[in-house]
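Take a look at the structure below.
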Amino acid sequence: MNSVSLSHISEVYLYEYYIAPNEAYEINDNSEIESFINDAKSLMARGNINEALQKWLKANVENPVNMEIILQIISCCKQLGDIQGEYTYTIMSYNYSCTRAELAAYYRNLGWYYLESYKPEISAACYRYSMLFDDTKQADNEIKFLEKAMKHPMAEYPIEKLQEILKENKIPIEANNITLALLYKAGEEAETKKMFDQALDCYRMVYDLTQDKEVGYRINILSNTKMYP
């Protein structure tokens, strides 16, 4: 039986659907994954990127749906120039992107991949599209780098054109609907079990990506219920 480190009901739902459907597993006490994460952060701070990557990969085995871990693996791959590794984990991250910030990171990481693959137009489209979800300086700086390398400004396409470019390259243009449904179900189960903190976490993630009025109503009710201070 597999032993995994899942600390939130949302991770349970994502793990059971994407990683181990219909498979028995047990949740451990998280001590081992915490050790891997702490070691990885320490190694990265000292510039030992390859060794840090090995620790992040071990942490990923313990919890394959944790976005912090996946994003750190992607960061290491970038620093090591591992283009295919970066792409593999970026594609993987899409299913576990549960907030606008995480979805924006997905598009930025695709932008890096296409830049390194000498496809600047697709790269620019990914970076610009990421800014619709989280308008960061990182994406803007990458576009400026592209423009400098190409020696001409990148076209500022309307949203519809950006979506067309993404679709042509089989890149999704919105959050994964299955993931959103799983988060909503996780929120309902947490609410039923009176795990109100985790229920709110799940509903807020769904609302962050959808702005759904019904979900917003649930958040408001839960936030103001006497059972939830």
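Some observations on this one:
- Percent accessible area from carbon and sulfur atoms, the chain, protein chains only, probe 1.4 Å: 50
- Choice from 205, 195, 131 with maximal GNM fluctuation in the chain (Cα, 10 Å cutoff): 195
- Label point distance in nm, residue 27-residue 3, each placed 7 Å from Cα along Cα→Cβ: 1.6
- Taking all protein chains into account, the per residue accessible area for the chain stands at 53 Å² (1.4 Å probe).
- For segment 38-145, the alpha-carbon radius of gyration amounts to 1.05 times the rule-of-thumb value 2.2 N^0.38 Å expected for a compact globular protein.
- Candidates 15, 25, 94: whichever shows maximal mean-square fluctuation once the chain is modelled as a Gaussian network with Cα springs under 10 Å: 25
- Computed per residue of the chain from DSSP H runs no shorter than four, each worth -39500 (n - 2.57), the mean residue ellipticity at 222 nm is -21500 deg cm²/dmol.
- Diffusion constant of segment 66-224 at 37 °C, which comes from Stokes-Einstein with the Kirkwood Cα-pair radius and 0.692 mPa s, µm²/s: 196
- Too-long pairs where the Cα-Cα distance tops 20 Å, listed order kept, from 144/167; 58/78; 119/170: 144/167
- Taking the average, over residues, of other Cβ atoms within 10 Å as the packing measure, peptides 123-130, 134-141 rank 123-130, 134-141 from highest down.
- Note on residue 168 and residue 16: with the Förster distance fixed at 30 Å, the Cβ-Cβ geometry gives a FRET efficiency of about 0.35.
The values are calculated or read from the model by the stated rules, or taken from the named source; none is laboratory data. Note that the coordinates shown come from a computational prediction; the quantities given were computed from them, not determined experimentally. We place every Cβ from the backbone using ideal geometry, glycine too, and count neighbours over all the protein chains shown. Areas reflect the complete protein model, heavy atoms only, side chains present, ligands, DNA and RNA absent. Shrake-Rupley method; radii C 1.70, N 1.55, O 1.52, S 1.80 Å.
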